[in-house]
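Structure first, then comments.
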């Protein structure tokens, strides 16, 4: 099977924007957390900037998955995506361990790498829904306002977005609502 290798400059530009935005946000985060600058990174425009950056990354994750899927021979897909999920989740677990060693109070429990690693499994399963993923993703992304918080006694529901009282993490992107932008990206990949 002859695999197309054409690059999409629009996606490359958006990825560059997302990387630069992430670097800018994390520079401000580090200045605030480690050097005492009063930047209010958890509120207002900084919070919106962080969420917009994450959303862009996740939409691009979904869109690029569609391109990768279409360029991969069907008989190779299962192993390719199992390997990809395993590598991303291994990296996520390393991040969890390192952040726990440095700050056991707010270590990364289910951060953006955890989300992407788990999402690869979902992407493999829901790829046949194609353009419908835009609608499904939008519905998932809108779930956050309906999730209970604070009165749950177990941390086992953290990956789906249900937080227990006193939960704190420096990086938390649960499946609900953050799987939504990935699915939106998948649907957009099919539409475009």
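The values are calculated or read from the model by the stated rules, or taken from the named source; none is laboratory data. Just so it is clear, the structure is predicted and the values come from calculations on it, not from any experiment. Because the Cβ atoms are built from the backbone with ideal geometry, glycine has one as well, and the counts that use them run over all protein chains shown.
Some points to look at:
- Within segment 131-149, being more than 16 Å from the chain's Cα centre (by Cα) and exposed (fewer than 14 other Cβ atoms within 10 Å of the Cβ) holds for 131, 135, 139, 145, 146, 148, 149.
- Residue in segment 96-109 that is assigned to a helix (DSSP H, G or I) and either on the phi > 0 side of the Ramachandran plot or touching a helix residue (DSSP H, G or I) at 6+ places or on another chain (Cβ under 6 Å) (or both) present: no
- Check on residue 91, at pLDDT 95 or above, surrounded by 15 or more Cβ atoms within 10 Å (Cβ to Cβ) and assigned to a helix (DSSP H, G or I): no
- Residue match in segment 159-167 (condition: at pLDDT 90 or above, in a helix (DSSP H, G or I) and under 17 Å from the mean Cα position of the chain (by Cα)): yes
- Filtered residue count, segment 27-38, keeping only those that are within 19 Å of residue 106 (Cα to Cα) and either surrounded by 10 or more Cβ atoms within 10 Å (Cβ to Cβ) or under 18 Å from the mean Cα position of the chain (by Cα) (or both): 7
- Test for residue 181: is it surrounded by 15 or more Cβ atoms within 10 Å (Cβ to Cβ), touching a helix residue (DSSP H, G or I) at 6+ places or on another chain (Cβ under 9 Å) and closer than 15 Å to residue 63 by Cβ: yes
- Condition met for residue 82 (touching a strand residue (DSSP E or B) at 6+ places or on another chain (Cβ under 9 Å) and without any contact (Cβ under 8 Å) to a residue 60 or more places away in the chain): no
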